[in-house]
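Let me begin by presenting the structure, written as C-alpha coordinates, before commenting on it.
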Amino acid sequence: MPISSTVVQYDPERISVTVAPGASTRAVEAAFARAGVQAETVVPRLRTYLLRVAPERQGAAVDELERSAVVVRAAPDVVSHVLDTTPNDSEWPAQEGLRVVGLPRAWDTSRGSSRVVVAVIDTGVDPNQPDLRGALVPGINLVNPGAPPLDDHGHGTAVAGVLAARSDNKQGMAGVCWFCVVMPVKVLDSSGSGDDTVIAAGIVWAVDHGARVINMSLGGPGTSPPLTNALSYAAKKDVVVVAAAGNSGTTTLFYPAADTSVLSVAGTTTADKAYAWSNYGSWVDVAAPGCNVAPALHGGYGRFCGTSSASPIVAGLAALIVSQQPAASAAQVRDALEHSASPLPNFVQFGRVSAPQALAAIGVVGQRVTTVKSGVLTAARPSLTYDLPAAPGSLAVTLRFRGGVSATLTLISTDTGAELDRVKGSSPLRLVEPIPGPVKVVVSAASRSRLPFTLTLRQMH
(Lines give C-alpha, C1' and ligand atoms only; values in the text may rest on other atoms or scores of the structure.)
Protein backbone atom coordinates (compact mmCIF):
# COMPACT_ATOMS: atom_id res chain seq x y z
CA MET A 1 0.00 0.00 0.00
CA PRO A 2 1.23 3.56 -0.60
CA ILE A 3 2.74 5.59 2.22
CA SER A 4 0.34 8.28 3.42
CA SER A 5 1.26 11.77 2.30
CA THR A 6 3.17 13.95 4.77
CA VAL A 7 2.23 17.15 2.88
CA VAL A 8 -0.97 18.96 3.86
CA GLN A 9 -3.35 19.29 0.90
CA TYR A 10 -5.92 22.07 0.61
CA ASP A 11 -9.17 22.27 -1.35
CA PRO A 12 -8.77 25.13 -3.90
CA GLU A 13 -12.55 25.68 -4.05
CA ARG A 14 -13.48 25.72 -0.36
CA ILE A 15 -12.81 27.80 2.76
CA SER A 16 -13.41 26.74 6.35
CA VAL A 17 -14.67 29.55 8.59
CA THR A 18 -15.31 29.67 12.33
CA VAL A 19 -17.45 32.59 13.52
CA ALA A 20 -17.44 34.40 16.87
CA PRO A 21 -19.76 33.30 19.71
CA GLY A 22 -23.03 35.18 19.55
CA ALA A 23 -22.53 36.39 15.97
CA SER A 24 -25.91 37.05 14.37
CA THR A 25 -26.98 35.20 11.24
CA ARG A 26 -27.43 38.56 9.46
CA ALA A 27 -23.87 39.69 10.30
CA VAL A 28 -22.40 36.38 9.18
CA GLU A 29 -24.31 36.41 5.87
CA ALA A 30 -23.17 40.00 5.26
CA ALA A 31 -19.52 38.98 5.80
CA PHE A 32 -19.92 36.10 3.35
CA ALA A 33 -21.51 38.39 0.77
CA ARG A 34 -18.63 40.89 1.01
CA ALA A 35 -16.14 38.06 0.48
CA GLY A 36 -18.06 36.68 -2.50
CA VAL A 37 -18.47 33.17 -1.07
CA GLN A 38 -21.40 30.78 -0.77
CA ALA A 39 -22.18 28.71 2.32
CA GLU A 40 -22.24 25.00 1.50
CA THR A 41 -22.21 23.27 4.90
CA VAL A 42 -22.76 24.51 8.45
CA VAL A 43 -21.87 22.79 11.75
CA PRO A 44 -23.80 24.90 14.29
CA ARG A 45 -22.30 23.37 17.44
CA LEU A 46 -18.82 24.27 16.19
CA ARG A 47 -19.91 27.64 14.72
CA THR A 48 -18.17 26.47 11.56
CA TYR A 49 -19.08 26.93 7.90
CA LEU A 50 -17.70 25.35 4.73
CA LEU A 51 -17.78 27.95 1.97
CA ARG A 52 -17.47 27.52 -1.80
CA VAL A 53 -15.38 30.00 -3.77
CA ALA A 54 -13.91 30.28 -7.25
CA PRO A 55 -10.29 28.99 -7.11
CA GLU A 56 -8.84 32.22 -8.48
CA ARG A 57 -10.57 34.22 -5.72
CA GLN A 58 -9.75 31.96 -2.77
CA GLY A 59 -6.82 34.04 -1.43
CA ALA A 60 -8.68 37.36 -1.63
CA ALA A 61 -11.78 35.85 -0.04
CA VAL A 62 -9.77 34.51 2.92
CA ASP A 63 -8.23 37.97 3.44
CA GLU A 64 -11.65 39.64 3.35
CA LEU A 65 -13.14 37.15 5.81
CA GLU A 66 -10.26 37.54 8.25
CA ARG A 67 -10.90 41.31 8.33
CA SER A 68 -14.49 40.71 9.47
CA ALA A 69 -15.28 41.23 13.18
CA VAL A 70 -17.58 38.19 13.21
CA VAL A 71 -14.96 35.75 11.85
CA VAL A 72 -12.57 34.04 14.29
CA ARG A 73 -10.73 31.98 11.66
CA ALA A 74 -10.76 31.59 7.88
CA ALA A 75 -8.50 29.30 5.82
CA PRO A 76 -8.58 26.98 2.80
CA ASP A 77 -10.08 23.69 3.93
CA VAL A 78 -7.77 20.71 4.48
CA VAL A 79 -8.35 17.63 2.30
CA SER A 80 -8.24 14.08 3.65
CA HIS A 81 -8.18 10.89 1.57
CA VAL A 82 -9.70 7.48 1.97
CA LEU A 83 -7.13 4.87 2.96
CA ASP A 84 -7.82 2.45 0.11
CA THR A 85 -5.41 -0.42 0.52
CA THR A 86 -3.58 -0.11 -2.79
CA PRO A 87 -0.83 -2.67 -3.43
CA ASN A 88 2.64 -1.70 -4.63
CA ASP A 89 2.97 -4.68 -7.00
CA SER A 90 4.56 -3.75 -10.33
CA GLU A 91 1.69 -5.24 -12.40
CA TRP A 92 -1.05 -3.57 -10.34
CA PRO A 93 -1.62 -0.67 -12.80
CA ALA A 94 -2.61 -3.25 -15.44
CA GLN A 95 -5.05 -5.09 -13.15
CA GLU A 96 -8.11 -3.11 -14.13
CA GLY A 97 -10.43 -6.06 -13.62
CA LEU A 98 -9.78 -6.11 -9.88
CA ARG A 99 -10.54 -2.40 -9.68
CA VAL A 100 -13.83 -2.95 -11.54
CA VAL A 101 -15.06 -5.35 -8.84
CA GLY A 102 -14.22 -2.83 -6.10
CA LEU A 103 -10.68 -3.65 -5.10
CA PRO A 104 -8.71 -2.10 -3.45
CA ARG A 105 -11.55 -0.50 -1.44
CA ALA A 106 -12.67 -3.92 -0.19
CA TRP A 107 -9.14 -4.67 1.02
CA ASP A 108 -9.67 -2.05 3.73
CA THR A 109 -12.17 -4.55 5.20
CA SER A 110 -10.56 -7.89 4.40
CA ARG A 111 -7.29 -8.94 2.78
CA GLY A 112 -7.76 -12.60 3.57
CA SER A 113 -6.48 -15.03 6.17
CA SER A 114 -3.96 -17.86 6.11
CA ARG A 115 -6.59 -19.93 7.91
CA VAL A 116 -8.74 -19.92 4.76
CA VAL A 117 -7.76 -22.66 2.30
CA VAL A 118 -8.86 -22.39 -1.33
CA ALA A 119 -8.50 -25.53 -3.43
CA VAL A 120 -7.55 -24.97 -7.07
CA ILE A 121 -8.73 -28.12 -8.84
CA ASP A 122 -6.84 -27.85 -12.10
CA THR A 123 -3.53 -28.74 -13.78
CA GLY A 124 -1.51 -28.22 -10.61
CA VAL A 125 0.40 -25.12 -9.47
CA ASP A 126 4.02 -24.04 -9.98
CA PRO A 127 5.40 -23.58 -6.43
CA ASN A 128 8.44 -21.70 -7.74
CA GLN A 129 6.44 -18.90 -9.33
CA PRO A 130 7.72 -15.90 -7.30
CA ASP A 131 4.26 -14.52 -6.53
CA LEU A 132 3.05 -17.91 -5.24
CA ARG A 133 5.93 -18.69 -2.91
CA GLY A 134 4.50 -19.04 0.57
CA ALA A 135 0.97 -19.20 -0.82
CA LEU A 136 0.63 -22.97 -1.08
CA VAL A 137 -0.33 -25.74 1.31
CA PRO A 138 0.14 -29.45 0.54
CA GLY A 139 -2.07 -30.74 -2.24
CA ILE A 140 -2.38 -33.91 -4.27
CA ASN A 141 -1.62 -35.20 -7.75
CA LEU A 142 -4.39 -37.52 -8.92
CA VAL A 143 -3.04 -37.71 -12.48
CA ASN A 144 0.29 -39.18 -11.40
CA PRO A 145 -0.35 -40.47 -7.86
CA GLY A 146 2.59 -40.08 -5.55
CA ALA A 147 4.11 -37.19 -7.50
CA PRO A 148 3.78 -33.59 -6.27
CA PRO A 149 0.94 -31.56 -7.85
CA LEU A 150 3.24 -29.59 -10.15
CA ASP A 151 1.80 -27.71 -13.11
CA ASP A 152 2.89 -29.08 -16.49
CA HIS A 153 0.42 -26.97 -18.45
CA GLY A 154 0.26 -23.45 -16.95
CA HIS A 155 -3.49 -23.11 -16.49
CA GLY A 156 -3.61 -23.93 -12.79
CA THR A 157 -0.75 -21.55 -12.01
CA ALA A 158 -2.57 -18.71 -13.75
CA VAL A 159 -5.78 -19.46 -11.84
CA ALA A 160 -3.93 -19.60 -8.51
CA GLY A 161 -2.25 -16.27 -9.23
CA VAL A 162 -5.50 -14.42 -9.97
CA LEU A 163 -6.93 -15.85 -6.78
CA ALA A 164 -4.12 -15.51 -4.26
CA ALA A 165 -0.85 -14.14 -5.62
CA ARG A 166 1.17 -12.64 -2.76
CA SER A 167 0.43 -8.94 -2.78
CA ASP A 168 2.07 -5.68 -1.78
CA ASN A 169 5.53 -7.24 -2.22
CA LYS A 170 6.82 -4.79 -4.84
CA GLN A 171 6.85 -7.44 -7.55
CA GLY A 172 4.48 -9.09 -9.96
CA MET A 173 0.76 -8.86 -9.40
CA ALA A 174 -1.84 -8.66 -6.65
CA GLY A 175 -4.13 -11.59 -5.94
CA VAL A 176 -7.73 -11.12 -4.86
CA CYS A 177 -7.14 -12.78 -1.47
CA TRP A 178 -3.72 -11.61 -0.24
CA PHE A 179 -3.20 -13.97 2.67
CA CYS A 180 -5.41 -16.93 1.76
CA VAL A 181 -3.57 -20.14 0.95
CA VAL A 182 -3.95 -22.31 -2.14
CA MET A 183 -4.32 -26.08 -2.11
CA PRO A 184 -3.21 -27.44 -5.53
CA VAL A 185 -5.27 -30.45 -6.60
CA LYS A 186 -4.01 -31.80 -9.92
CA VAL A 187 -6.78 -33.56 -11.85
CA LEU A 188 -5.91 -32.42 -15.39
CA ASP A 189 -2.90 -33.64 -17.39
CA SER A 190 -0.37 -31.70 -19.46
CA SER A 191 -2.93 -31.29 -22.26
CA GLY A 192 -5.45 -29.76 -19.82
CA SER A 193 -7.79 -32.79 -19.86
CA GLY A 194 -9.09 -35.09 -17.15
CA ASP A 195 -11.83 -37.61 -16.36
CA ASP A 196 -14.89 -36.67 -14.30
CA THR A 197 -14.22 -39.43 -11.81
CA VAL A 198 -10.72 -38.10 -11.16
CA ILE A 199 -12.12 -34.58 -10.81
CA ALA A 200 -14.73 -35.93 -8.39
CA ALA A 201 -11.97 -37.57 -6.35
CA GLY A 202 -10.18 -34.21 -6.26
CA ILE A 203 -13.26 -32.45 -4.90
CA VAL A 204 -13.70 -35.00 -2.13
CA TRP A 205 -9.99 -34.88 -1.23
CA ALA A 206 -10.03 -31.07 -1.05
CA VAL A 207 -13.13 -31.07 1.16
CA ASP A 208 -11.68 -33.71 3.47
CA HIS A 209 -8.40 -31.80 3.81
CA GLY A 210 -9.82 -28.47 4.92
CA ALA A 211 -10.73 -26.43 1.83
CA ARG A 212 -13.36 -23.77 2.60
CA VAL A 213 -13.58 -22.65 -1.03
CA ILE A 214 -13.01 -24.64 -4.24
CA ASN A 215 -12.29 -23.11 -7.63
CA MET A 216 -12.92 -25.16 -10.77
CA SER A 217 -11.89 -23.38 -13.96
CA LEU A 218 -12.67 -26.47 -16.01
CA GLY A 219 -15.59 -28.42 -17.39
CA GLY A 220 -17.59 -29.58 -20.36
CA PRO A 221 -21.15 -29.83 -21.69
CA GLY A 222 -21.82 -33.13 -19.92
CA THR A 223 -21.79 -34.42 -16.37
CA SER A 224 -21.71 -37.75 -14.57
CA PRO A 225 -22.98 -39.26 -11.30
CA PRO A 226 -19.51 -39.20 -9.66
CA LEU A 227 -19.13 -35.48 -10.37
CA THR A 228 -22.68 -34.69 -9.24
CA ASN A 229 -22.20 -36.72 -6.07
CA ALA A 230 -18.86 -35.04 -5.29
CA LEU A 231 -20.40 -31.58 -5.66
CA SER A 232 -23.27 -32.63 -3.41
CA TYR A 233 -20.70 -33.87 -0.87
CA ALA A 234 -18.97 -30.48 -0.91
CA ALA A 235 -22.29 -28.69 -0.42
CA LYS A 236 -23.17 -30.89 2.55
CA LYS A 237 -19.79 -30.09 4.08
CA ASP A 238 -20.52 -26.35 3.70
CA VAL A 239 -17.78 -25.67 1.13
CA VAL A 240 -18.24 -22.86 -1.41
CA VAL A 241 -17.69 -24.26 -4.92
CA VAL A 242 -17.08 -21.77 -7.75
CA ALA A 243 -16.78 -22.80 -11.40
CA ALA A 244 -16.27 -21.25 -14.82
CA ALA A 245 -19.34 -21.13 -17.07
CA GLY A 246 -17.42 -22.00 -20.25
CA ASN A 247 -16.23 -20.19 -23.36
CA SER A 248 -18.61 -21.27 -26.14
CA GLY A 249 -20.60 -18.04 -26.30
CA THR A 250 -23.87 -19.96 -25.91
CA THR A 251 -26.56 -20.75 -23.33
CA THR A 252 -25.63 -24.44 -23.43
CA LEU A 253 -25.25 -25.89 -19.95
CA PHE A 254 -21.63 -26.41 -18.93
CA TYR A 255 -20.60 -28.62 -16.01
CA PRO A 256 -19.70 -28.46 -13.17
CA ALA A 257 -20.81 -24.81 -13.33
CA ALA A 258 -24.37 -25.80 -14.27
CA ASP A 259 -24.77 -27.97 -11.16
CA THR A 260 -27.23 -26.35 -8.76
CA SER A 261 -24.78 -26.54 -5.86
CA VAL A 262 -22.12 -24.55 -7.73
CA LEU A 263 -21.71 -20.77 -8.06
CA SER A 264 -21.25 -20.34 -11.82
CA VAL A 265 -19.26 -17.45 -13.30
CA ALA A 266 -19.39 -15.76 -16.72
CA GLY A 267 -16.82 -13.32 -18.14
CA THR A 268 -17.26 -9.58 -18.66
CA THR A 269 -15.16 -6.73 -19.99
CA THR A 270 -13.95 -3.96 -17.73
CA ALA A 271 -16.82 -1.89 -19.15
CA ASP A 272 -19.32 -4.42 -17.74
CA LYS A 273 -20.16 -5.79 -21.18
CA ALA A 274 -20.46 -9.48 -21.97
CA TYR A 275 -17.51 -11.08 -23.70
CA ALA A 276 -18.71 -12.75 -26.91
CA TRP A 277 -16.94 -15.97 -25.95
CA SER A 278 -18.57 -16.29 -22.52
CA ASN A 279 -21.41 -18.71 -21.91
CA TYR A 280 -24.47 -17.02 -20.42
CA GLY A 281 -28.12 -17.47 -19.49
CA SER A 282 -30.34 -17.83 -16.44
CA TRP A 283 -28.34 -20.86 -15.32
CA VAL A 284 -25.23 -18.69 -14.85
CA ASP A 285 -25.25 -17.00 -11.45
CA VAL A 286 -22.73 -14.14 -11.57
CA ALA A 287 -20.05 -12.57 -13.75
CA ALA A 288 -16.56 -11.13 -13.23
CA PRO A 289 -13.91 -9.54 -15.45
CA GLY A 290 -12.66 -12.24 -17.81
CA CYS A 291 -9.26 -10.92 -18.92
CA ASN A 292 -6.71 -10.50 -16.15
CA VAL A 293 -2.99 -10.37 -15.46
CA ALA A 294 -1.80 -13.81 -14.31
CA PRO A 295 1.50 -15.58 -13.57
CA ALA A 296 3.02 -17.73 -16.28
CA LEU A 297 4.58 -21.13 -15.76
CA HIS A 298 8.25 -20.88 -14.63
CA GLY A 299 8.02 -17.11 -14.08
CA GLY A 300 6.78 -13.96 -15.74
CA TYR A 301 3.26 -12.65 -16.27
CA GLY A 302 0.80 -12.51 -19.12
CA ARG A 303 -2.79 -11.86 -20.09
CA PHE A 304 -5.17 -14.64 -19.02
CA CYS A 305 -8.63 -14.50 -20.64
CA GLY A 306 -11.73 -16.67 -20.38
CA THR A 307 -14.26 -17.68 -17.77
CA SER A 308 -11.33 -19.62 -16.28
CA SER A 309 -9.91 -16.20 -15.36
CA ALA A 310 -13.23 -14.79 -14.10
CA SER A 311 -13.93 -17.73 -11.78
CA PRO A 312 -10.93 -17.26 -9.44
CA ILE A 313 -11.92 -13.61 -8.93
CA VAL A 314 -15.22 -14.82 -7.48
CA ALA A 315 -13.52 -17.63 -5.54
CA GLY A 316 -11.08 -15.07 -4.14
CA LEU A 317 -13.96 -12.82 -3.06
CA ALA A 318 -15.64 -15.79 -1.39
CA ALA A 319 -12.38 -16.39 0.49
CA LEU A 320 -12.24 -12.72 1.55
CA ILE A 321 -15.77 -13.06 2.94
CA VAL A 322 -14.90 -16.24 4.83
CA SER A 323 -11.78 -14.52 6.17
CA GLN A 324 -13.92 -11.68 7.50
CA GLN A 325 -16.74 -13.90 8.78
CA PRO A 326 -15.30 -17.37 9.53
CA ALA A 327 -18.65 -18.62 10.83
CA ALA A 328 -20.50 -17.75 7.60
CA SER A 329 -22.05 -20.75 5.89
CA ALA A 330 -21.50 -21.52 2.21
CA ALA A 331 -25.10 -20.48 1.54
CA GLN A 332 -24.54 -17.14 3.27
CA VAL A 333 -21.36 -16.49 1.29
CA ARG A 334 -23.13 -17.29 -1.95
CA ASP A 335 -26.08 -15.13 -0.96
CA ALA A 336 -23.81 -12.16 -0.23
CA LEU A 337 -22.04 -12.46 -3.59
CA GLU A 338 -25.24 -12.92 -5.57
CA HIS A 339 -27.47 -10.31 -4.03
CA SER A 340 -24.83 -7.57 -3.92
CA ALA A 341 -23.94 -7.97 -7.60
CA SER A 342 -24.48 -5.19 -10.15
CA PRO A 343 -27.30 -6.37 -12.46
CA LEU A 344 -26.47 -7.48 -16.00
CA PRO A 345 -29.89 -8.18 -17.56
CA ASN A 346 -30.13 -10.92 -20.18
CA PHE A 347 -26.64 -12.16 -19.40
CA VAL A 348 -26.49 -13.76 -15.95
CA GLN A 349 -28.99 -14.31 -13.20
CA PHE A 350 -27.65 -11.85 -10.61
CA GLY A 351 -24.95 -9.64 -12.11
CA ARG A 352 -21.28 -8.72 -11.93
CA VAL A 353 -19.83 -9.29 -8.47
CA SER A 354 -18.93 -6.33 -6.26
CA ALA A 355 -16.35 -6.86 -3.51
CA PRO A 356 -17.24 -3.98 -1.13
CA GLN A 357 -20.97 -4.66 -1.38
CA ALA A 358 -20.50 -8.40 -0.84
CA LEU A 359 -18.37 -7.80 2.25
CA ALA A 360 -20.99 -5.38 3.56
CA ALA A 361 -23.81 -7.78 2.73
CA ILE A 362 -22.38 -10.68 4.69
CA GLY A 363 -23.18 -8.79 7.90
CA VAL A 364 -26.82 -8.56 6.88
CA VAL A 365 -26.89 -12.13 5.63
CA GLY A 366 -25.44 -13.28 8.93
CA GLN A 367 -28.57 -11.96 10.68
CA ARG A 368 -30.78 -14.20 8.56
CA VAL A 369 -31.50 -17.87 8.95
CA THR A 370 -30.58 -19.52 5.66
CA THR A 371 -31.43 -23.12 4.82
CA VAL A 372 -30.47 -24.93 1.62
CA LYS A 373 -32.16 -28.14 0.57
CA SER A 374 -31.58 -30.34 -2.48
CA GLY A 375 -34.00 -32.79 -4.02
CA VAL A 376 -34.97 -34.66 -7.17
CA LEU A 377 -38.43 -34.82 -8.74
CA THR A 378 -39.29 -37.88 -10.82
CA ALA A 379 -42.33 -39.21 -12.68
CA ALA A 380 -43.03 -41.42 -9.66
CA ARG A 381 -42.51 -38.55 -7.21
CA PRO A 382 -43.54 -35.30 -8.98
CA SER A 383 -43.86 -33.29 -5.75
CA LEU A 384 -41.83 -32.76 -2.57
CA THR A 385 -42.95 -30.89 0.55
CA TYR A 386 -40.68 -29.28 3.12
CA ASP A 387 -41.93 -28.28 6.59
CA LEU A 388 -40.37 -25.06 7.83
CA PRO A 389 -40.94 -24.33 11.56
CA ALA A 390 -40.50 -20.61 11.01
CA ALA A 391 -41.35 -17.79 13.38
CA PRO A 392 -43.48 -14.90 12.09
CA GLY A 393 -41.51 -12.66 9.76
CA SER A 394 -40.50 -12.64 6.12
CA LEU A 395 -39.50 -15.64 4.04
CA ALA A 396 -37.62 -15.57 0.73
CA VAL A 397 -37.63 -18.82 -1.25
CA THR A 398 -35.54 -19.45 -4.37
CA LEU A 399 -35.89 -22.62 -6.46
CA ARG A 400 -33.15 -23.41 -8.98
CA PHE A 401 -33.19 -26.24 -11.51
CA ARG A 402 -31.74 -26.92 -14.93
CA GLY A 403 -33.19 -27.38 -18.38
CA GLY A 404 -36.10 -25.78 -20.20
CA VAL A 405 -38.81 -27.42 -18.08
CA SER A 406 -41.42 -25.74 -15.92
CA ALA A 407 -41.86 -26.23 -12.19
CA THR A 408 -44.18 -24.87 -9.50
CA LEU A 409 -43.26 -23.42 -6.12
CA THR A 410 -46.07 -23.16 -3.54
CA LEU A 411 -46.13 -21.73 -0.01
CA ILE A 412 -48.79 -23.04 2.41
CA SER A 413 -49.54 -22.06 6.02
CA THR A 414 -49.02 -25.08 8.28
CA ASP A 415 -51.54 -23.82 10.84
CA THR A 416 -54.45 -22.97 8.50
CA GLY A 417 -53.66 -24.92 5.32
CA ALA A 418 -54.20 -21.73 3.32
CA GLU A 419 -52.12 -21.19 0.20
CA LEU A 420 -50.01 -18.08 0.79
CA ASP A 421 -48.41 -17.78 -2.63
CA ARG A 422 -47.59 -19.74 -5.79
CA VAL A 423 -45.34 -19.22 -8.78
CA LYS A 424 -44.83 -21.37 -11.88
CA GLY A 425 -42.28 -21.24 -14.71
CA SER A 426 -38.66 -21.82 -15.62
CA SER A 427 -35.67 -21.52 -13.27
CA PRO A 428 -35.17 -19.61 -11.08
CA LEU A 429 -38.48 -19.29 -9.27
CA ARG A 430 -38.72 -16.87 -6.32
CA LEU A 431 -41.24 -16.06 -3.62
CA VAL A 432 -40.87 -13.36 -0.98
CA GLU A 433 -43.73 -13.45 1.47
CA PRO A 434 -44.59 -12.27 5.02
CA ILE A 435 -45.45 -15.42 6.96
CA PRO A 436 -47.55 -15.82 10.11
CA GLY A 437 -45.57 -18.79 11.42
CA PRO A 438 -44.73 -22.34 10.31
CA VAL A 439 -45.15 -23.01 6.59
CA LYS A 440 -44.92 -25.82 4.05
CA VAL A 441 -42.89 -25.26 0.89
CA VAL A 442 -44.02 -27.46 -2.01
CA VAL A 443 -41.90 -28.09 -5.12
CA SER A 444 -43.65 -29.82 -8.01
CA ALA A 445 -43.25 -30.46 -11.74
CA ALA A 446 -44.93 -32.49 -14.47
CA SER A 447 -41.63 -33.50 -16.08
CA ARG A 448 -41.31 -37.17 -16.97
CA SER A 449 -37.54 -37.14 -16.45
CA ARG A 450 -35.47 -36.59 -13.29
CA LEU A 451 -35.41 -32.96 -12.21
CA PRO A 452 -32.69 -32.17 -9.62
CA PHE A 453 -33.22 -28.88 -7.81
CA THR A 454 -31.88 -26.69 -5.04
CA LEU A 455 -34.19 -24.85 -2.67
CA THR A 456 -32.83 -21.88 -0.70
CA LEU A 457 -34.95 -20.55 2.15
CA ARG A 458 -34.06 -17.31 3.92
CA GLN A 459 -35.97 -16.35 7.03
CA MET A 460 -35.79 -12.72 8.10
CA HIS A 461 -37.14 -11.72 11.50
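The values are calculated or read from the model by the stated rules, or taken from the named source; none is laboratory data. Nothing here was measured: the structure is a model prediction, and the numbers come from that model. Because the Cβ atoms are built from the backbone with ideal geometry, glycine has one as well, and the counts that use them run over all protein chains shown.
Odds and ends about this structure:
Rundown of residues vs (1) within 30 Å of Ser248 (Cα to Cα); (2) in contact (Cβ under 8 Å) with a residue 12 or more places away in the chain; (3) touching a Cys at 6+ places or on another chain (Cβ under 6 Å), yes/no style:
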{"residue": "Thr307", "(1), (2), (3)": "yes, yes, no"}
{"residue": "Glu338", "(1), (2), (3)": "yes, yes, no"}
{"residue": "Ser342", "(1), (2), (3)": "yes, yes, no"}
{"residue": "Pro345", "(1), (2), (3)": "yes, no, no"}
{"residue": "Leu359", "(1), (2), (3)": "no, yes, no"}
{"residue": "Ile362", "(1), (2), (3)": "no, yes, no"}
{"residue": "Arg400", "(1), (2), (3)": "yes, yes, no"}
{"residue": "Val405", "(1), (2), (3)": "yes, yes, no"}
{"residue": "Thr408", "(1), (2), (3)": "no, yes, no"}
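- Residue check for Gly112: on the phi > 0 side of the Ramachandran plot and at pLDDT 95 or above: no
- Tally of residues being among the β-branched types (Val, Ile, Thr), farther than 11 Å from Ser282 by Cα and modelled with pLDDT of 90 or more across the range 338-363: 1
- Qualifying residue in the range 88-101 (condition: closer than 30 Å to Asp196 by Cβ and charged (D, E, K, R)): no
- Number of residues in the range 263-280 that are crowded, with 18+ Cβ neighbours inside 10 Å and of a type outside the set (Val, Ile, Thr) equals 9.
- Subset tally (residues that are assigned to a strand (DSSP E or B) and either under 29 Å from the mean Cα position of the chain (by Cα) or surrounded by fewer than 16 Cβ atoms within 10 Å (Cβ to Cβ) (or both)) for the range 408-419: 3
- Which numbered condition Gly425 misses (of (1) surrounded by 15 or more Cβ atoms within 10 Å (Cβ to Cβ); (2) without any contact (Cβ under 8 Å) to a residue 24 or more places away in the chain): (1)
- When the test is whether a residue is in the same structural domain as Gly302 (by TED's automatic domain parsing), touching a helix residue (DSSP H, G or I) at 6+ places or on another chain (Cβ under 9 Å) and hydrophobic (A, V, I, L, M, F, W, C), Leu132 passes it.
- For the range 126-167, the tally of residues that are under 23 Å from Val241 (Cβ atoms) and assigned to a helix (DSSP H, G or I) stands at 11.
- Test: residue in the range 204-216 that is more than 26 Å from Gly97 (Cβ to Cβ), touching a helix residue (DSSP H, G or I) at 6+ places or on another chain (Cβ under 7 Å) and in the same structural domain as Ile313 (by TED's automatic domain parsing): yes
- Residues of the range 320-342 classified as in a loop (DSSP other than H, G, I, E, B), closer than 18 Å to Val372 by Cα and in contact with a Phe, Trp or Tyr (Cβ under 8 Å, 6 or more places away or on another chain), total: 0
- Candidate set from the range 420-460 (those that are assigned to a loop (DSSP other than H, G, I, E, B) and under 26 Å from the mean Cα position of the chain (by Cα)); member that is nearest to Val372 (Cα to Cα): Pro428
- Selection status of Asn229, surrounded by fewer than 24 Cβ atoms within 10 Å (Cβ to Cβ) and at pLDDT below 95: yes
- Put simply, of Arg352, Arg334 the only residue that is of a type in the set (D, E, K, R), assigned by TED's automatic domain parsing to the domain that holds Gln171 and more than 19 Å from Ala234 (Cβ to Cβ) is Arg352.
- Phe254 satisfies every condition listed in (1) on the phi < 0 side of the Ramachandran plot; (2) surrounded by fewer than 18 Cβ atoms within 10 Å (Cβ to Cβ) except (2).
- Test for Leu188: is it assigned by TED's automatic domain parsing to the domain that holds Ser261, part of a loop (DSSP other than H, G, I, E, B), of a type in the set (A, V, I, L, M, F, W, C) and on the phi < 0 side of the Ramachandran plot: yes
- Extreme residue, farthest from Val181 (Cα to Cα), among residues of the range 281-322 that are buried (at least 24 other Cβ atoms within 10 Å of the Cβ) and among the hydroxyl-bearing types (Ser, Thr, Tyr): Thr307
- The single condition among (1) within 20 Å of the chain's Cα centre (by Cα); (2) in a loop (DSSP other than H, G, I, E, B); (3) in contact (Cβ under 8 Å) with a residue 60 or more places away in the chain that Val182 does not meet is (2).
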